[in-house]
Amino acid sequence: MHHIVLQGRALGDALLQELATAAHAQRTVRRSAHAARLLDFSVPPDRADFLEQCDAARVDCAFIDQPRRLADFRLAVFDMDSTMITIECIDEIADMLGIKPQVAAITESAMRGEIAFPESLQRRVALLKGLDTAALQRVYDERLRLSPGAEVMLAGLKAAGLKVLLVSGGFTFFTERLQARLGLDYAYSNTLGVADGKLTGTVLGPIVDADAKAARVIETCTLLGCPPSQAIAVGDGANDLKMMAAAGVSVAYHAKPVVRAQAMHGISHNGLDALLELFD
């Protein structure tokens, strides 16, 4: 193991020393008020126990087995809902019809991997039939917020030369606006059916499910002339697992347990800018 990255607003000097002792680290390097690295281990720590201790202290922990430079990667891929942004757009759209609890329950079940994503999306979109499309703009204007640290993270990725792909099981109405607003290189998502200014309760074309997300990561890497191992993928739900598995580095962001268990790293107590600290 090369080093351990620790990040959290609670990471004062006393807690840092406590965690260094628990990890058998001989050296600590303070990177900022909220980030540090542990190095030179007399005995490798038990990873599960140490992760549990860090989580209890509201500190994110990442085991870095080999040093990695951000500039060695070519692509960063992000889910949209509850990852790049703080909301689930479809749940907020449903709120305009007064059916948010019903739709949110299906969303949660799908994110936990209990319902296949295409089925869950079709069921949720069908419930929106007849809603005026003006509701979508209201959700974007009034409720959509970037996740903490998103803009700092994106600036860091772009400075290192990475391209950014937003790939979502959500809707083009939102991904296209975010792409323009944030200067993202690529965006890929579902298209809602619309007729006479109202939602038809259908999704046009193939649904962007887990397989489609993974395929888009590979296609974009091919376009860039790099292997998928030079991609970083960040997501929070079961629909993100295959694209995360396709990438060289996978990060679970405030994710469901099934996702956190399979990701290489997890960010649960920090904003998206914590991603940058995982690289040299």
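The values are calculated or read from the model by the stated rules, or taken from the named source; none is laboratory data. Note that the structure is predicted; figures quoted are calculated from it, not measured. FYI the Cβ positions are ideal-geometry reconstructions off the backbone, even for glycines, and counts take in every protein chain you see.
The figures follow:
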| read-out | value |
| --- | --- |
| Members of segment 192-218 found to be assigned to a loop (DSSP other than H, G, I, E, B) and on the phi < 0 side of the Ramachandran plot, listed by number | P206, I207, V208, D209 |
| Check on R9, out of contact with any Leu (no Cβ under 8 Å at 6 or more places or on another chain), more than 30 Å from V217 (Cβ to Cβ) and basic (K, R) | yes |
| Those residues of segment 3-22 which are outside any loop (DSSP other than H, G, I, E, B), of a type in the set (G, A, S) and buried (at least 19 other Cβ atoms within 10 Å of the Cβ), in sequence order | A20 |
| Count of segment 148-165 residues which are in a loop (DSSP other than H, G, I, E, B) and crowded, with 21+ Cβ neighbours inside 10 Å | 1 |
| Boolean, E108 is without any contact (Cβ under 8 Å) to a residue 60 or more places away in the chain, not assigned by TED's automatic domain parsing to the domain that holds D185 and not aliphatic (A, V, I, L, M) | no |
| Hits in segment 236-258 (condition: touching a Leu at 6+ places or on another chain (Cβ under 9 Å) and surrounded by fewer than 19 Cβ atoms within 10 Å (Cβ to Cβ)) | V258 |
| Lone unmet requirement of (1) in a loop (DSSP other than H, G, I, E, B); (2) closer than 19 Å to S168 by Cα for N270 | (2) |
| Qualifying residue in segment 22-44 (condition: on the phi > 0 side of the Ramachandran plot and touching a residue at least 24 places away in the same chain (Cβ under 8 Å)) | no |
| Selected residue (only one of G169, G205 is farther than 17 Å from T83 by Cα, in contact with a strand residue (DSSP E or B) (Cβ under 7 Å, 6 or more places away or on another chain) and in the same structural domain as N239 (by TED's automatic domain parsing)) | G205 |
| Segment 218-234 - residue that is of a type in the set (G, A, S) and out of contact with any helix residue (DSSP H, G or I) (no Cβ under 6 Å at 6 or more places or on another chain) and, of those, nearest to S82 (Cα to Cα) | S229 |
| Enumeration of residues in segment 253-267 that are more than 19 Å from R216 (Cβ to Cβ), in a loop (DSSP other than H, G, I, E, B) and aliphatic (A, V, I, L, M) | A255, M264 |
| Single residue of S189, S250 found to be in the same structural domain as L127 (by TED's automatic domain parsing), outside any helix (DSSP H, G or I) and closer than 26 Å to S32 by Cβ | S250 |
| Test set (1) modelled with pLDDT of 95 or more; (2) under 30 Å from P206 (Cα atoms); (3) under 23 Å from the mean Cα position of the chain (by Cα) - G130 fails condition number | (3) |
| Residues (surrounded by fewer than 24 Cβ atoms within 10 Å (Cβ to Cβ), within 15 Å of T83 (Cβ to Cβ) and touching a residue at least 60 places away in the same chain (Cβ under 8 Å)) located in segment 259-271 | H265, G266, S268, N270, G271 |
| Residue count for segment 41-71, restricted to those that are surrounded by fewer than 15 Cβ atoms within 10 Å (Cβ to Cβ) and of a type outside the set (S, T, N, Q) | 13 |
